[in-house]
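Chemist: Have a look at this one.
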Amino acid sequence: MTRATLLRQGRTLGLLLISLLLAQPAAAFRRAATTGAPFLKLAEDARSAGMAGATVALAGAWTPQGAGAGNASINPAGMAGSLQRAFSFAHERRMAQLTHGALSYAMPLNEKTAMSFGAAWLQAPEQEITTLQEPEGTGATYAYGDLALRTTLATRLTDRLAVGGTLKWIRQDLHREHAQGAALDVGLLLDTGWRHLQLGMALANFGPRLRLEGEDLLVDGGDGRPALLETQEFQLPLLYRVGLSDRLWEREGQRLDVALQAEHPNDSRQNLRLGLEYAWRERLFLRGGRHMRRDLEQASLGLGLRLPLPEGRRLELDYAWTSQSHFTALQVISLSLVY
């Protein structure tokens, strides 16, 4: 792949980023709340959250440590080339007592290919059931929870191009009803060879519609025979991400990277994310980000530590804080053991 070809691809991606930013489809607002399983759009590690989620083009596929299994939910291609095993856990407390978390394990298959297994969930505490006849409560409770189990495979096709894919099984539970199905994520990461510029693209949550079913939908049909209530199908939150990252500055064990990412969801308007990461000797990391054209999230801040352990192992601890309009700030903490 010649440098001229890489530069043409870079210009094309840049024009696409600008187009996504300037596009203002009126229909986007009419599609709000038309998809299910919205937890699939959430960042699953504090590093990504600290950079406002702008990590689709994050460097990693050409370094021994890779981008980490936690970033596979943004772009599975970034995990390619990881030469170390990693076990990661993330926890986030969201509004309305919702708890979001993720667990992942990554391992190299060879010098170019890596695989990971993981799970992500969103849970709400049990709440009392109320009705019009019993507004103070019926004495029974209900619970809500989402779960996604996934496996990711990523590989470097050349010394410049990495690709990856994630297969997910999704289940939503609401009291005695549930919906389940499968989805696919695909992504690519391109090293342009100019400076540290990388281009990334990813399509997330491509799959069939889901439908709620369960025993509470079986009711009396009025003539002594049972009847089954039919529920409406709903789409998954299909999300297309495209972005670029580059190194602004590097000197004496320090670096400053920038990442810009545009997103096109199927249930809201396009948005833009900007992220920065400063690293000191790859031990201490300071991060910041900005969400643009988003209704809730605004600015993000993050902190990361890499603690070396014997025999080439290390412990990674990351924290992120994201401000929100009208709601309290979101806080994410993630922990990884790399060995």
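Chemist: Being modelled with pLDDT of 85 or more and of a type in the set (S, T, N, Q) is the filter here; which residues of segment 75-91 pass it?
Modeler: Pass one, segment 75-91, residues modelled with pLDDT of 85 or more: 75-80, 84-91.
Listed by number, the residues that qualify are ASN75, GLN84, SER88.
Chemist: Of the residues that sit in segment 306-320 and are over 19 Å from ALA43 (Cα atoms) and either among the hydrophobic types (A, V, I, L, M, F, W, C) or within 16 Å of the chain's Cα centre (by Cα) (or both), which one is surrounded by the most Cβ atoms within 10 Å (Cβ to Cβ)?
Modeler: LEU315
Chemist: Mind checking which residues of segment 99-111 are farther than 19 Å from ALA143 by Cα, of a type in the set (Ser, Thr, Tyr) and surrounded by fewer than 17 Cβ atoms within 10 Å (Cβ to Cβ)? Step through it out loud before you land on a result.
Modeler: Taking segment 99-111 and keeping what is farther than 19 Å from ALA143 by Cα, we get 102-111.
When the remaining residues are screened for being of a type in the set (Ser, Thr, Tyr), the result is 104-105.
Matches in segment 99-111: TYR105 only.
Chemist: Would you mind telling me which numbered condition in (1) without any contact (Cβ under 8 Å) to a residue 60 or more places away in the chain; (2) under 30 Å from ASP159 (Cα atoms) GLY200 fails?
Modeler: Every listed condition holds for GLY200 apart from (1).
Chemist: If I go through segment 177-197 residue by residue, how many of them are part of a strand (DSSP E or B), polar (S, T, N, Q) and in contact (Cβ under 8 Å) with a residue 60 or more places away in the chain?
Modeler: Pass one, segment 177-197, residues part of a strand (DSSP E or B): 177-191.
Remaining after also requiring polar (S, T, N, Q): 180.
Filter once more, keeping what is in contact (Cβ under 8 Å) with a residue 60 or more places away in the chain: none.
Final tally of qualifying residues: 0.
Rundown of residues vs (1) part of a strand (DSSP E or B); (2) buried (at least 17 other Cβ atoms within 10 Å of the Cβ), yes/no style:
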site	(1), (2)
ASN205	yes, yes
GLY222	no, no
GLN232	no, no
PRO237	no, yes
LEU260	yes, yes
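Chemist: In addition: Which one is nearest to the chain's Cα centre (by Cα), of the residues in segment 132-154 that are charged (D, E, K, R) and closer than 30 Å to ALA106 by Cβ? Break it down stepwise before answering.
Modeler: Pass one, segment 132-154, residues charged (D, E, K, R): 134, 136, 146, 150.
Checking the rest, the ones that are also closer than 30 Å to ALA106 by Cβ come to 146, 150.
Numbers: ASP146: 15, ARG150: 12 Å.
So the residue we want is ARG150.
Chemist: Only residues in segment 85-101 that are of a type in the set (S, T, N, Q) count as the first member; pair them with residues that are part of a loop (DSSP other than H, G, I, E, B), Cβ under 9 angstrom, at least 6 apart or cross-chain, and list the lot.
Modeler: From residues that are of a type in the set (S, T, N, Q), the pairs are SER88/GLU44; SER88/ASP45; SER88/GLY68.
Chemist: Does segment 280-288 include one or more residues that are in a loop (DSSP other than H, G, I, E, B), of a type outside the set (Asp, Glu) and surrounded by fewer than 18 Cβ atoms within 10 Å (Cβ to Cβ)?
Modeler: yes
Chemist: Quick one: is SER300 part of a strand (DSSP E or B), in contact with a helix residue (DSSP H, G or I) (Cβ under 6 Å, 6 or more places away or on another chain) and hydroxyl-bearing (Ser, Thr, Tyr)? Full working, then the answer.
Modeler: Values: part of a strand (DSSP E or B): yes; in contact with a helix residue (DSSP H, G or I) (Cβ under 6 Å, 6 or more places away or on another chain): yes; hydroxyl-bearing (Ser, Thr, Tyr): yes.
Against the criterion (part of a strand (DSSP E or B), in contact with a helix residue (DSSP H, G or I) (Cβ under 6 Å, 6 or more places away or on another chain) and hydroxyl-bearing (Ser, Thr, Tyr)), SER300 qualifies.
Chemist: How many residues does segment 76-98 contain that are out of contact with any Phe, Trp or Tyr (no Cβ under 8 Å at 6 or more places or on another chain), surrounded by fewer than 24 Cβ atoms within 10 Å (Cβ to Cβ) and in a strand (DSSP E or B)?
Modeler: 4
Chemist: Please give the number of the condition SER323 fails out of (1) crowded, with 20+ Cβ neighbours inside 10 Å; (2) among the small types (Gly, Ala, Ser); (3) over 29 Å from LEU167 (Cβ atoms).
Modeler: Going through (1) crowded, with 20+ Cβ neighbours inside 10 Å; (2) among the small types (Gly, Ala, Ser); (3) over 29 Å from LEU167 (Cβ atoms) one by one, SER323 breaks only (1).
Chemist: Mind listing just one residue for me: the one in segment 262-279 that is of a type in the set (D, E, K, R) and under 24 Å from HIS326 (Cβ atoms) and, of those, surrounded by the most Cβ atoms within 10 Å (Cβ to Cβ)?
Modeler: We begin by selecting, within segment 262-279, every residue of a type in the set (D, E, K, R); these are 263, 267, 269, 273, 277.
Retained after the next criterion (residues that are under 24 Å from HIS326 (Cβ atoms)): 263, 267, 269, 273.
On the way: GLU263: 24, ASP267: 20, ARG269: 20, ARG273: 26.
My answer is ARG273.
Chemist: Something else: Taking into account only those residues within segment 296-305 that are over 18 Å from the mean Cα position of the chain (by Cα) and closer than 17 Å to ALA43 by Cα, which is surrounded by the most Cβ atoms within 10 Å (Cβ to Cβ)? First the steps, then the outcome.
Modeler: Filtering segment 296-305 down to residues over 18 Å from the mean Cα position of the chain (by Cα) leaves 303-305.
Checking which are closer than 17 Å to ALA43 by Cα leaves us with 303-304.
Values: LEU303: 15, GLY304: 21.
Here the answer is GLY304.
Chemist: Could you please find all residues in segment 203-222 being touching a residue at least 24 places away in the same chain (Cβ under 8 Å) and of a type in the set (Asp, Glu)?
Modeler: Within segment 203-222, GLU213, GLU215, ASP216 qualify.
The values are calculated or read from the model by the stated rules, or taken from the named source; none is laboratory data. Owing to the predicted nature of the structure, the values given are computational and were not obtained by experimental measurement. Cβ coordinates were reconstructed from backbone atoms using ideal geometry, including for glycine residues, and neighbour counts include every protein chain displayed.
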